[in-house]
C-alpha cells in the first residue's frame, strides 16, 4: 500500500484501480445489450505499450465494426496518451484493476469481455485465473521474453508455467522469443510468431511547411543542424553534454534538443545543461523569452515524433544507462540516422535489424558519440544513406498486425 501511495501519479489512480470509481458510461449503459456481443478488452501497461497497440486497435475496429472495443491502462501517463491517441477508435478507456480478487471480479463483471488482449506485458495471476474461470480467452500479443526474464521465470517455473498456460495464445515477436516460451513448457500450438507490431505504426507525414513552423517556434535557423536526444534518462544528459561541448567547437551552430522520458525532469535537465556552460531553456520558457539557445529541453508530451522529422541525427535514450532503451523505429520512420547505447534489451530485435541494415550505430560513451556525430555532421551523403537504410528496414518488417489479427479472428 505504501508503494501505491508513494507518488502523486499513483495516488491519483488508486481509487480507479481498486475499482471504487465508476467505469465509463459506455460500459455501464451497454451491459444489457452485450449478451451475444460482448466487448473486446485490450490492455496496455503504460505509454510504450499504448503506442505499440495503436495499429492493432485500428485494425480491430475496422474488422469488428459492430463490437465494442474497450481499452485499459495501468498508469496515469498511459491513460493520458490513450485518451489523446485512441479515443476515436475505442468505446471506453479505463484503469486496469489492482490484482486483488475483489477488484478484479468487480471490474470483470462490469466489462464482461468476449476476449482479453494483453499487449506485451502486465500479466497478473488473479486476473488471469478469473478470466479462465469465466471462460474468457486471453491472448498475449507482441510478446517478447528477454534472456533475463526467461531465467527469472524458469527459476519459479512451478508458478509461472500455470500462469502462462492461462493464455489461449501467445503471439511472439521472434523465433528466439518462441523458443524461450517453449522452454517454459508452453505447448507449441499456443505460440505463434507474428513479428513486432511496432513496425506497423503509422507515422503522419510532416510536410515542409509544418517542419519550418516547428523550427521557427524553436528559434532554429534553417541552416542549423539538430542533434535530438529522445527519451533520455537520468545520467545520459551529462554524457551527451560532454560530447556536445566538443561538437560545438567544430559546429558552432549545432543545436541539441533533449526530450526526457519523464517530462517532469525538464527543469532539472535544464539546470544540468546550464551547469555545463550552455544557454538552455525549456520549450515553455522559450515561448515566453524568445531567445536562441544552445540546448532546448522539451517539457511537454506528444512532441517527440514531430521533432524526429526536423532532426539531423537522433539519439535514442534509455540505452546509455541500464533502462533497456526505447523505440528506435520513430526516427527510422523519418529516415534519420540513429545512434543508441549498448543497452537496447527492450528492443533487441529491432536494434539488431537497424544495426545490420546500416541505419543505426552503437555508441558507448561521450567519445564514441562525438566521433560518430561529428562524422555524420561533416558527411551529408553518409548521413543521408544511413537514414535511408533505417527507413528501408522499418518498411521491410511490416505485417505483424495482420498476423496478430488473424490469430484473434480464429479465437473469436
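Some observations on this one:
- From 76, 65, 12, residue being in the same structural domain as residue 97 (by TED's automatic domain parsing), modelled with pLDDT of 85 or more and within 26 Å of the chain's Cα centre (by Cα): 76
- Positions within the range 201-225 being closer than 30 Å to residue 396 by Cα and exposed (fewer than 11 other Cβ atoms within 10 Å of the Cβ), in sequence order: 202, 204, 205, 207, 208, 209
- Which listed residue is touching a residue at least 40 places away in the same chain (Cβ under 8 Å) and under 30 Å from residue 134 (Cα atoms), from 169, 176: 169
- Checklist (1) over 20 Å from the mean Cα position of the chain (by Cα); (2) at negative phi applied to residue 277, failing item: (2)
- Checklist (1) buried (at least 19 other Cβ atoms within 10 Å of the Cβ); (2) within 20 Å of the chain's Cα centre (by Cα); (3) closer than 18 Å to residue 99 by Cα applied to residue 138, failing item: (2)
- Taking the range 327-345 as the range and being out of contact with any helix residue (DSSP H, G or I) (no Cβ under 7 Å at 6 or more places or on another chain) and buried (at least 19 other Cβ atoms within 10 Å of the Cβ) as the test, only 341 passes.
To keep it simple, each residue is scored yes or no on (1) in contact with a helix residue (DSSP H, G or I) (Cβ under 9 Å, 6 or more places away or on another chain); (2) surrounded by 20 or more Cβ atoms within 10 Å (Cβ to Cβ); (3) outside any loop (DSSP other than H, G, I, E, B).
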{"position": "170", "(1), (2), (3)": "yes, yes, yes"}
{"position": "199", "(1), (2), (3)": "yes, yes, yes"}
{"position": "227", "(1), (2), (3)": "yes, yes, yes"}
{"position": "234", "(1), (2), (3)": "yes, no, no"}
{"position": "242", "(1), (2), (3)": "yes, no, yes"}
{"position": "248", "(1), (2), (3)": "no, no, yes"}
{"position": "274", "(1), (2), (3)": "no, no, yes"}
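- Within the range 35-43, at least one residue is closer than 19 Å to residue 24 by Cα, modelled with pLDDT under 95 and out of contact with any strand residue (DSSP E or B) (no Cβ under 9 Å at 6 or more places or on another chain).
- Test: residue in the range 151-166 that is closer than 20 Å to residue 43 by Cα, outside any helix (DSSP H, G or I), in contact with a helix residue (DSSP H, G or I) (Cβ under 8 Å, 6 or more places away or on another chain) and in contact (Cβ under 8 Å) with a residue 40 or more places away in the chain: no
The values are calculated or read from the model by the stated rules, or taken from the named source; none is laboratory data. All figures in this text were calculated on a predicted structure; none of them were measured in a lab. When we count neighbours, we look across all protein chains shown, and the Cβ atoms used for this are built from the backbone with ideal geometry, even at glycine.
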